[in-house]
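Chemist: Dropping a structure here in structure tokens format, bear with me for questions.
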Amino acid sequence: QVQLVESGGGSVQAGGSLRLSCAAFGYSYSSYCMGWFRQAPGKLREGVAHADSDGSTSYADFVKGRFTISKDNAKNTLYLQMNSLKPEDTAMYYCASGWDCNNLNTWGQGTLVTVSS
């Protein structure tokens with residue numbers, strides 16, 4: 001049984017912060033690449049950030065300097081710290097995992113982030 005459960009979404013004003021969490025059940029995060037994605041209504045899903053099993057991280061240009069991805073292997077939890085939020089960050093945020101960062105094939109159900117002006 002492999003399951004990812006996101007939490008931490010909510011409604012904030014522009015410039016505010018949220019921390020998203022993704023808890024994994026059935027396996028250890030330490031062996032996998034983990035990533036965050038988002039999808040706004042009517043738009044394509046886009047990658048936000050990922051953390052590889054070797055500890056390396058990467059970010060989409062539109063969140064660099066504002067978002068931070070981290071992993072707590074002991075708790076099997078992935079985090080996304082989101083600061084300086086903008087209205088265009090409004091989306092459903094999903095976490096995903098896989099053996100390779102190019103093949104993240106296990107997905108959570110998502111958590112909604114709404115940023116108002």
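Chemist: Would you point out the residue of the stretch 76-117, among those that are among the hydrophobic types (A, V, I, L, M, F, W, C) and part of a loop (DSSP other than H, G, I, E, B), that is most open to solvent (accessible area, probe 1.4 Å)?
Modeler: Filtering first and then ranking leaves 99.
Chemist: Can you tell me which residues in the stretch 44-75 are part of a strand (DSSP E or B), of a type in the set (Val, Ile, Thr) and open to solvent by less than 60 Å² (accessible area, probe 1.4 Å)?
Modeler: Scanning the stretch 44-75 gives 48, 69.
Chemist: A follow-up question, please. With the requirement that a residue be more than 15 Å from residue 68 (Cβ to Cβ), open to solvent by less than 60 Å² (accessible area, probe 1.4 Å) and hydrophobic (A, V, I, L, M, F, W, C), what does the stretch 13-32 give you? Can you show your working first?
Modeler: Going through the stretch 13-32, the residues more than 15 Å from residue 68 (Cβ to Cβ) turn out to be 13-16, 23-32.
Among the residues that remain, those that are also open to solvent by less than 60 Å² (accessible area, probe 1.4 Å) are: 14-16, 23-24, 27-32.
The answer is 14, 23, 24.
Chemist: Could you tell me which residue of the stretch 1-12 is farthest from the chain's Cα centre (by Cα), considering only residues that are part of a loop (DSSP other than H, G, I, E, B) and surrounded by fewer than 13 Cβ atoms within 10 Å (Cβ to Cβ)?
Modeler: If we take residues in the stretch 1-12 being part of a loop (DSSP other than H, G, I, E, B) and surrounded by fewer than 13 Cβ atoms within 10 Å (Cβ to Cβ), then 1 is farthest from the chain's Cα centre (by Cα).
The values are calculated or read from the model by the stated rules, or taken from the named source; none is laboratory data. Since the structure is predicted, the reported quantities are computational estimates derived from the model, not experimental observations. Because the Cβ atoms are built from the backbone with ideal geometry, glycine has one as well, and the counts that use them run over all protein chains shown. Just the protein is used for accessible areas: all its heavy atoms, side chains included, with ligands, DNA and RNA removed. Shrake-Rupley method; radii C 1.70, N 1.55, O 1.52, S 1.80 Å.
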